[in-house]
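Okay, structure first, notes after.
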Amino acid sequence: SLFNPALQNVQQAVEKLLKALFIERGIKLKKSHSVSELKNLLLKNNIVINIADDECELLDSIYLPTKYPIGSALPDYSPDYEITEKCINITDRVFSEIMQKLSK
C-alpha cells in the first residue's frame, strides 16, 4: 500500500518544517528526528507551535518503522486511509502556521 510512504513523507515534512524555524530564528539546531523534542525546544525559545502532544507522539511513532520498514509504518497496527488523512491534516495545519511565522 502507499500508506507507509505517505506517512513517512508526512513525518519528514513536519520535522523539516520545525527545523526551518530553528534556522530562521538562529536557534542552534539539535540533531533529532523527534517532532515532540523539536516542538519542546522551540517552546523553550518562546516559539509556540499548535500541535498537540498526542499528534507529536503519532508522528514520532512513524519515523523508525518507515525509515527502516519491515512491515507497517505504525508499530501497533497497519496504517489506513483514516490515519493517513489525519496525519496529512496535521501536516497541512503545521505548514500553514510555520509559513506564517517564517514570513514575519
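Worth pointing out:
- Placing unit charges on the Cβ atoms only, positive for Lys and Arg and negative for Asp and Glu, gives the chain a dipole magnitude near 800 debye about its Cα centre.
- Highest average packing first - 21-27, 44-50, Cβ atoms within 10 Å: 21-27, 44-50
- For Ser34, net neighbour charge (Lys/Arg +1, Asp/Glu -1) across residues whose Cβ lies under 10 Å away: -2
- Neighbour net charge for Lys104 - beta-carbon separation under 15 angstrom, K R +1, D E -1: 0
- Cα-based Kirkwood hydrodynamic radius, the chain, one decimal, Å: 13.9
- Mean Kyte hydropathy of -1.0 or more with a Cα span along the axis of at least 27 Å, helices from DSSP in the chain: 3-24, 81-102
- Only helices enter this figure: runs of n ≥ 4 DSSP H residues, each worth -39500 (n - 2.57), summed and divided by the residues of the chain, yield -22500 deg cm²/dmol at 222 nm to the nearest 500.
No value in this document is a laboratory result; all are computed from the given coordinates. The structure displayed is predicted, hence computed values, not measured ones. Cβ atoms come from the backbone with ideal geometry, glycine included; neighbour counts cover every protein chain shown.
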